[in-house]
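I have a structure I would like to understand better, so I am pasting it below and will then ask my questions one at a time.
Laboratory data are not the source of any read-out in this text; all were calculated from the coordinates shown. Everything numeric here is computed off the predicted structure, so don't read it as measured data. Neighbour counts are summed over all protein chains in view; Cβ atoms, including those assigned to glycine, are modelled from backbone coordinates with ideal geometry.
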Amino acid sequence: MKKIIYILIMITSLFSQSKRDPRAVALAGSYTTIANGVFSVGYNPGLIGLQHNQPLTIQAFQLDFGILGNFFSIENIAKYSGDTLSTKDVNRFFNTLESQNGLTFFMDTHMPIPLINISKGNLAFSANNILLQNYKLPIGLLELIFYGNAKKANLDLEFSYEILGMNEYGLSFGVPFKYMSWGITAKYMQGLFFLGVDEDSSSSSLLTDDLGIYGNGKYIIKQGVGGSGFGLDIGVASRPLNGWNFGLSIINLMGSIRWEQGGDESGSSLNPLTKSFYPFKWGDDELSSDEYIEYTFTIDTIRVDKMSNDSLFKNETRFLKIPSNAKDFITRMPATFRAGVSKQFDNFLIASDLVAGFENRYYSRKQWKWSIGTEWKRMPSLPLRIGFGWGGGDMKELGVGFGVKKSIFMFDFGFAFRNGMWLHTMKGLNLSFGFTYVGKEDKVEIPNEKGPSSKI
């Protein structure tokens, strides 16, 4: 069992919100009513309509890296890495994974393209490079590892694998009204590359009985090189009411990428973040842009008296040409709903969000996540932040961070423990940092009861 646990750890280590920034990470995502300027994109474009006096803001550089699993942590590795495991430990281990239908692993990287993420007043333009990776080992394989063939005769061995690289360009604007502001972000999604298991064309199973173990399977791994699509975010934000703010938004109300099969492979070279992932490699072989992978295997009567037979397990990997009449396929970007409230006090801010996805895919989960965060601004040049979240895909999340403001430049840092509250219990993390240029605030006119308006 110790070797099995080690193998699973190595597998996930090898593979190890569609938009984030350091302040949002530090506040555990409590951002729907407090984001400013270009940072409102991906959270609530309705906020932009309330920021007519928002100065010119430019993201000079930012990098955000997130990783999330559903089991492995320092604590669990220490607990389950002994020479032997009790039946109670095995059952606890397996039940944890069974509740989530397998051993899952998700990684995402976000990098705003330097110097072209800009906002001023109620307008914003954003350009972000995004890399998403999703892996899942099937519960059937884990069941065989933990219990052999005693628990279930027919085991499902279907697994999930996806890697997606894209550029997302957005134009955001907000329109203020008497009590609230409405905003919208129209997005163009440039697909760079996609590689993943075609679930409609793939299947596998393992049959066990008293005579042995039999199995077969076929996995079709398709790729798309070059794609395009559009998305839409909408949001509403209230005007301040005795220091209180409220907001609602739907992110990726419509969002998808149509991929070309056998397309142009030059698109991935547009940025340094994604070009290292393409062209795809399978083993020592490189996959051309006009090829897909077919992997097949057969298992024939595995039992003790036949273990010396080399023909018991057969597998074959073939690189096949994509047919000229192959249809394009579509990847949906999951939508999320956000509701938030915040309260501004003299020296600190408190914000809270409720977030839920409409499907279980990438960063989205069909579960509610509640978060609360606070920002202490007693020293305006050094804001300190902390946030806590519960539910969703992260289950428990603790975020911490800070900002450093010097003249017209701002440095922000955020770190979050994901699916666990501390270093030894976390099953993932989120690291985010970046530099931002913030210009001087515009002077605005306010009504004066005695006549002409005054300037502040």
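Work out how much length PHE415 to ILE77 would gain on full extension: take 0.36 nm times their residue separation and subtract the Cα-Cα distance, in nm to one decimal. Please list the in-between numbers first.
Numbers: separation 338, 0.36 × 338 = 121.68 nm, distance 2.25 nm.
Full extension from PHE415 to ILE77 adds 119.4 nm.
Also: Residue separation times 0.36 nm, minus the C-alpha to C-alpha distance between PHE297 and PHE337: what's the value?
Values: separation 40, 0.36 × 40 = 14.40 nm, distance 4.20 nm.
Extending this stretch completely gives an extra 10.2 nm.
Set the Förster radius R0 to 30 Å, insert the Cβ-Cβ distance between LYS440 and TYR188 as r into 1/(1 + (r/R0)^6), and round the FRET efficiency to 0.05.
Working: r = 32 Å, r/R0 = 1.05.
The formula returns an efficiency of 0.45 here.
To one decimal place, what orientation-averaged projected area in nm² is obtained for the convex hull of the Cα set of the stretch 371-445? Intermediate results must be reported in sequence, preceding the final value.
Numbers: hull surface 26.5 nm².
Result: 6.6 nm².
Using C-alpha positions alone, give me the convex hull volume of the stretch 157-243 per residue in cubic angstrom.
Here the figure is 173 Å³ per residue.
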